[in-house]
Amino acid sequence: MTAVEEYVFQAFDVGAFHYIVKPIDDTKFADVLHRAVAELNSKVVEVKEAEEKYVLINNSGVHTKVILDDIVYAEVFNRKIVIHKLNETIEYYGKLSDLEALAGDNFFRPHRAYLINFKYVEKYDATTIYLEQGTALMAKQNYPVFVKKYMKYNQKRG
């Protein structure tokens, strides 16, 4: 809200939802507020839908549904993929690159042997990522890309 109409175009630079000029019309304000709430609610639904993406793992004939958002990190160990969740570990034969392709932007591959979920990062330095459940190595050349993507992830999450 503002009393100055001349800055209306600069509002787009900061991603303003709407531009209301004083004196405020109650009907207009209510309409803008309802639209803002509706847009926010639709984004919450989008986030919840994204969290329900899953991968189906086949390990010795047993098929297990693993919700991607529940994966803390995955690692390659003796040609097996080991998925670490908060309360269990699941092993299967596969390629980490295939899991990485399914996982999306909330995941990052800091080292050829690891795939981490940004959601569970507690702290990091140039060599190690400390997660809620375990740690992952950081390849030196991937550190700047990791920092940039992690900051973008945090900005997206608010």
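The values are calculated or read from the model by the stated rules, or taken from the named source; none is laboratory data. All figures in this text were calculated on a predicted structure; none of them were measured in a lab. Cβ placement follows ideal geometry from the backbone for every residue including glycine, while neighbour counts extend to all protein chains displayed. Just so you know, the surface numbers come from the protein's heavy atoms only, side chains and all, with ligands and any DNA or RNA stripped out. Shrake-Rupley method; radii C 1.70, N 1.55, O 1.52, S 1.80 Å.
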What pairs can you find where one residue is in the stretch 17-28 and farther than 10 Å from MET1 by Cβ, the other is among the aliphatic types (A, V, I, L, M) and assigned to a loop (DSSP other than H, G, I, E, B), and their Cβ atoms are less than 8 Å apart, with a gap of 6+ or different chains? LYS28/ILE20
Condition first: among the charged types (D, E, K, R) and either touching a residue at least 40 places away in the same chain (Cβ under 8 Å) or more than 15 Å from LEU56 (Cα to Cα) (or both). Can you find one or more residues in the stretch 124-139 that meet it? yes
Residues of the stretch 32-57 satisfying the condition of being at pLDDT 80 or above and surrounded by 13 or more Cβ atoms within 10 Å (Cβ to Cβ): VAL32, LEU33, LYS53, TYR54, VAL55, ILE57
Checking LYS152 against (1) surrounded by 11 or more Cβ atoms within 10 Å (Cβ to Cβ); (2) closer than 22 Å to TYR54 by Cα, only one condition comes out false. Which one? (2)
With respect to GLU75, determine if the residue is among the acidic types (Asp, Glu) and open to solvent by 50 Å² or more (accessible area, probe 1.4 Å). no
Out of (1) farther than 16 Å from ASP70 by Cα; (2) free of Cβ contacts under 8 Å to residues at least 40 places away in the same chain; (3) in contact with a strand residue (DSSP E or B) (Cβ under 7 Å, 6 or more places away or on another chain); (4) open to solvent by less than 70 Å² (accessible area, probe 1.4 Å), what's the single condition that is false for SER97? (3)
